[in-house]
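*Asks:* Pasting a structure here, questions to come.
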Amino acid sequence: MPRAARARTAAFAAATAACTALAVLPLTASAAPTASSLSCGVSYAVNDWGSGFTANVTITDTGTTPINGWTLGYAYTGNQTLQNGWNGTWTQTGQSVTVTNPAYAPTINPGAGYTTSANFSYTGPNT
């Protein structure tokens, strides 16, 4: 696997772990489902053209309870710069990228996935 692909795989593996960790935080509502019924997975596809790329990120609800409101965060190790995103609210601070659900699609139902995408630019290798 090329170095850049390993770095992206590691970044999204960390995002998957973070997604699962966020899903198991204690819920405060008395009628809330148990934390064990919430879990998710993250996958991605990249279309790289040499000075930029599109990242298509899919968050899948792998649990038994709908995910209502979500945030995904990850980091790049290179100089990737967010240009624009869609199907989510994308932000970048330094090498850290965050995307949150759009107001029109806050829920991911069990077994379903939601795809959000963004364009990034970079110079040199895409690490």
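The values are calculated or read from the model by the stated rules, or taken from the named source; none is laboratory data. Keep in mind that what you see is a predicted model, and the values were worked out from it rather than measured. Every residue, glycine as well, gets a Cβ built from its backbone with ideal geometry; the counts of neighbours run over all protein chains shown. Just the protein is used for accessible areas: all its heavy atoms, side chains included, with ligands, DNA and RNA removed. Shrake-Rupley method; radii C 1.70, N 1.55, O 1.52, S 1.80 Å.
*Asks:* Name the residues in region 21-52 that are open to solvent by 50 Å² or more (accessible area, probe 1.4 Å), modelled with pLDDT of 50 or more and part of a helix (DSSP H, G or I), would you?
*Replies:* Correct list: SER36 only.
*Asks:* Of all the residues that make up region 77-116, how many are surrounded by 18 or more Cβ atoms within 10 Å (Cβ to Cβ) and within 15 Å of the chain's Cα centre (by Cα)?
*Replies:* Count: 11.
*Asks:* Which of the residues that make up region 61-70 are part of a strand (DSSP E or B) and either exposed (fewer than 14 other Cβ atoms within 10 Å of the Cβ) or modelled with pLDDT under 95 (or both)?
*Replies:* Matches in region 61-70: ASN68 only.
*Asks:* Which condition breaks for THR58 when tested against (1) of a type outside the set (A, V, I, L, M, F, W, C); (2) at pLDDT below 95; (3) not in a loop (DSSP other than H, G, I, E, B)?
*Replies:* Exception for THR58: condition (2).
*Asks:* Can you find, within region 117-127, the residue that is nearest to ASN47 (Cα to Cα) among those that are open to solvent by 40 Å² or more (accessible area, probe 1.4 Å) and not polar (S, T, N, Q)?
*Replies:* Only one residue fits best here, namely PRO125.
*Asks:* Would you kindly identify the strands (runs of 3 or more DSSP E) lying entirely within region 78-125 that contain at least 1 residues that are touching a residue at least 24 places away in the same chain (Cβ under 8 Å) and of a type in the set (Phe, Trp, Tyr)?
*Replies:* In region 78-125, 81-86, 89-93, 113-121 are the strands (runs of 3 or more DSSP E) which contain 1 or more residues that are touching a residue at least 24 places away in the same chain (Cβ under 8 Å) and of a type in the set (Phe, Trp, Tyr).
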